[in-house]
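What follows is a set of notes on a single structure, which appears directly below.
The values are calculated or read from the model by the stated rules, or taken from the named source; none is laboratory data. In this text, all values refer to a predicted model and were calculated from it rather than measured experimentally. Neighbour counts run over all protein chains shown; Cβ positions are idealised from the backbone, glycine included.
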């Protein structure tokens with residue numbers, strides 16, 4: 001019989017002891033549970049079995065070119081802002097085989113024979129969910145849909161989590177992407193001391209909770225969650241003025257500040273590799289010594305790679321670090337909006353944290369604006 005207390009849009013209180021029941025139900029429904037785990041003094045996204053696999057009692061302290069884990073609330077599992085990895089790796093894999101060509105008399109093209117993936121992503125934050133929706137616009141266009149991305153996206157179950165302790169590099173509130181999750185999830189958690197406030201976002205989410213012992217969320221619990229989110233928004237580490245960004249960037253391509261930031265940038269591509277929305281890629285072929293088999297793979301690339309803009313005949317459209325950094329930032333916060341209807345940045349702050357030179361795009365935008373205004 002349909003439980004109206006679990007209807008999409010409703011909220012319940014779920015004791016933390018019941019979370020393993022949820023994970024077990026998802027496994028029985030054919031999902032592989034993926035969540036944050038502690039590894040080598042960092043946080044990575046890997047398969048999890050129980051709540052105990054999550055990084056309990058830690059928070060992440062982040063700044064330009066700095067990341068470390070510090071003690072947090074010993075009872076909490078979702079306090080730490082994630083590390084370098086994003087959920088992008090599960091939808092748009094860093095490297096994947098496109099096809100194999102094998103010579104057996106004649107050449108035969110063999111498509112990849114990979115099982116359909118059904119993944120349950122546990123602990124997807126608002127900025128990360130916004131990044132997935134941005135990549136949907138890239139890979140699921142009306143004129144073409146990437147088959148690898150589509151298959152993985154259709155088999156996704158999303159357990160989102162509201163962010164209560166943003167890092168100093170976070171600025172998702174400036175872009176309207178957090179700290180509260182608004183849409184696009186099957187279940188959404190807000191972690192309180194002894195329970196999760198769970199919002200049901202879909203029929204899939206409702207069915208996953210069917211075996212869990214829960215109760216309707218009281219007004220006290222819901223107010224505690226609202227207070228936590230209000231505090232998180234007020235403690236956002238950085239801010240970005242977005243109203244004039246497309247015009248500011250594309251209208252000032254010859255500003256002197258591009259050269260100033262280029263002197264610091266290493267063109268290492270760290271920012272694009274950790275970014276949850278960047279989608280540059282390259283196709284490579286590997287052929288065996290007998291020249292009887294070749295494998296074509298798609299692999300992540302970067303607009304910071306000098307060879308990415310290399311053209312046949314010897315020309316390079318972006319030969320300097322200045323031109324490559326300008327291309328990255330003006331696309332991310334300028335022409336991306338014209339191309340896809342949204343900024344290509346979600347305010348997660350990863351590019352700031354993982355830039356070895358400590359370049360902070362919020363500061364670079366402010367410096368560019370100051371130069372233009374003066």
*Name the residues in region 73-96 that are under 17 Å from residue 164 (Cβ atoms) and surrounded by 18 or more Cβ atoms within 10 Å (Cβ to Cβ), would you?*
76, 77, 78, 79, 80, 81, 82
*Search result, residues across region 154-175 that are modelled with pLDDT under 95, surrounded by fewer than 22 Cβ atoms within 10 Å (Cβ to Cβ) and under 15 Å from the mean Cα position of the chain (by Cα)*: 175
*Restricting to region 45-56, what's the tally of residues that are in contact with a strand residue (DSSP E or B) (Cβ under 8 Å, 6 or more places away or on another chain) and surrounded by 15 or more Cβ atoms within 10 Å (Cβ to Cβ)?*
5
*Does at least one position in region 8-22 carry a residue that is out of contact with any helix residue (DSSP H, G or I) (no Cβ under 8 Å at 6 or more places or on another chain), without any contact (Cβ under 8 Å) to a residue 24 or more places away in the chain, assigned to a strand (DSSP E or B) and over 16 Å from residue 204 (Cα atoms)?*
no
*Please verify whether region 341-358 includes one or more residues that are touching a residue at least 12 places away in the same chain (Cβ under 8 Å) and under 16 Å from residue 253 (Cβ atoms).*
no
*Residues in region 68-83: is at least one part of a strand (DSSP E or B) and free of Cβ contacts under 8 Å to residues at least 24 places away in the same chain?*
yes
*Would you mind listing the strands (runs of 3 or more DSSP E) fully within region 92-191 where at least 1 residues are farther than 23 Å from residue 76 by Cα, touching a residue at least 24 places away in the same chain (Cβ under 8 Å) and assigned by TED's automatic domain parsing to the domain that holds residue 28?*
95-104, 119-124, 156-161
*Among the residues of region 192-224, which ones are under 30 Å from residue 155 (Cβ atoms) and in a loop (DSSP other than H, G, I, E, B)?*
201, 202, 209, 210, 211, 212, 213, 214, 217
*Restricting region 334-361 to residues that are in a helix (DSSP H, G or I) and surrounded by 18 or more Cβ atoms within 10 Å (Cβ to Cβ), which is farthest from the chain's Cα centre (by Cα)?*
334
_So for region 41-58 (the condition being in the same structural domain as residue 93 (by TED's automatic domain parsing), free of Cβ contacts under 8 Å to residues at least 40 places away in the same chain, touching a helix residue (DSSP H, G or I) at 6+ places or on another chain (Cβ under 7 Å) and in a helix (DSSP H, G or I)), does at least one residue qualify?_
yes
*asked:* Name the residue that is surrounded by the fewest Cβ atoms within 10 Å (Cβ to Cβ), counting only residues in region 282-299 that are touching a residue at least 40 places away in the same chain (Cβ under 8 Å) and part of a strand (DSSP E or B).
replied: 283
*Residues in region 208-230 that are surrounded by 11 or more Cβ atoms within 10 Å (Cβ to Cβ) and in contact with a helix residue (DSSP H, G or I) (Cβ under 6 Å, 6 or more places away or on another chain): how many?*
5
